[in-house]
Amino acid sequence: MADLSLDQVNHYVLRKQLLTDDSKIGDLVQIVKDIGGLHATSAAGPYLSLFVRARGFEKTTLTKELSYRKTLARIRYVRNTVYILPKEFIPVAFAATIGLAGITSERYYQHLGITPGGYERISRKILNVLRGRGLSTREIKGKLRTSRNIAPIVNLMCDRGLLIRGIPKEGWRSTQHTYYRFEDYYPDLNLREIDEDTARKAVIKQYISSFGPVSELDVAWWTGFPKGQVKKTLEDLKEDISSVEISGLDGQFFLRISELEALNSLGPPSKRVIGLLPCLDTYLMGYRNRERYLDPQQYEMIFDRSGNATSTILVDGRIVGIWDFDEPWVKVYLLKEMDEEALSEIYSQAADLGGFIADRKVQVKRCDSMVPLTQRTAGSFMAPLKEF
């Protein structure tokens, strides 16, 4: 069993997550595949995640892949979370998670007083209204001439494979998606072509490829699959994966056997790897054990009470601070003092990221204090430094 250092593992994962200068590529579909999907709860999140990973990234590039080329799509995936995934992976993701996503959505619409019969009637009307076109929920309500809250019904229709989320008409930072009939949007995809067990095995293999080395607990947490099923799948994959130990972390971790030589031979980077990640970035949300990149004493500064990760500053794969866009500023709060060279690079990247968001030059401001997210209201992780 290989024994690896945590620094070695972090640098290896940074490369797999395309967060080092020499690992960045320009192919968005390949990026999304390599990093295990883009966390898309936040409208702007996928764009910011790509900005730090893709060479020469422009907002319109993702819009084209989502809307015109349709090589990528937003669907509910692991842990009942909306992700952007490659088109060819949609049947796998759907089959692996429909049992989990459907239960949550059904409970929600029933909580709002919508009966199964009411859902059936309204969903049929929505499918008719969307025939050959895409509309927002507000536009759908107008066509149906109803005051009913149809958002939970539309979400459940997405979770059941009847609808698909298109791009918002109001811009890249809007959450008001345009909805289409799935069969019109992807007439060549069959969501029932793969069974749940096979799909879940494929999801776990993809996760290990994108995030490994990972623990059994990491796999179960990220996927939301039953622990017994995760354990059995890892046993079934024993010819493809290797068990390793990581100094400073307890337990066994799993990595594809084909990657073991590359990880062992990986030398130290020629320079420090510095990057600014948006809230809920896949690198931050990819592991149950966050000690690999965060001092446990600083957990409450990065994660709120629901486990949502805020926007962070990384140095060599470890979190050293928080950033926030609060126009006309990009604000920075450091968890530890950094030397002048690192500080200069952090400020430079903060200015670049702020310019990408605002489409103009912005200034960087350092904050001297921050209230832990666990002591604040829900949603504060989206704007951690707004009041500072």
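Observations on the structure shown:
- Shape analysis of segment 247-321 based on the Cα gyration tensor places the equivalent ellipsoid semi-axes at 24, 16, 12 Å, largest first.
- Axial C-alpha extent at least 18 Å, average Kyte-Doolittle at least -0.5 - helices from the chain (DSSP): 90-111, 196-211, 340-358
- Per residue Cα convex hull volume in Å³ - calculated over the chain: 151 Å³
- P(r) histogram, all alpha-carbon pairs of segment 294-382 included - 10 Å bins from 0, percent: 17, 48, 32, 4
- Annotation for segment 336-360 versus segment 306-332: alpha-carbon center distance of 11 Å.
- For the chain, share of DSSP beta bridges that run antiparallel, in % to the nearest 5: 80 percent
- Cα-Cα P(r), segment 67-201, percent of pairs per 5 Å interval: 2, 10, 20, 23, 22, 15, 7, 1, 0
- Relative contact order of the chain, defined on C-alpha pairs under 8 angstrom at six or more residues apart (%): 17 percent
- Charged-residue dipole, Cβ positions (Lys, Arg, Asp, Glu), the chain about Cα centre, Debye nearest 20: 2260 debye
- Distance from the Cα centroid of segment 1-46 to that of segment 140-191 is 30 Å (rounded to whole angstrom).
- Packing here is the average count of other Cβ atoms within 10 Å per residue, and on that basis the peptides 11-20, 235-244, highest first, run 11-20, 235-244.
The numbers here are math on the coordinates, done by the rules we state, and not lab data. Keep in mind it's a predicted model, so treat the numbers as computed, not measured. Don't worry about glycine lacking a Cβ; one is built from the backbone with ideal geometry, like all the others, and counts go over all protein chains shown.
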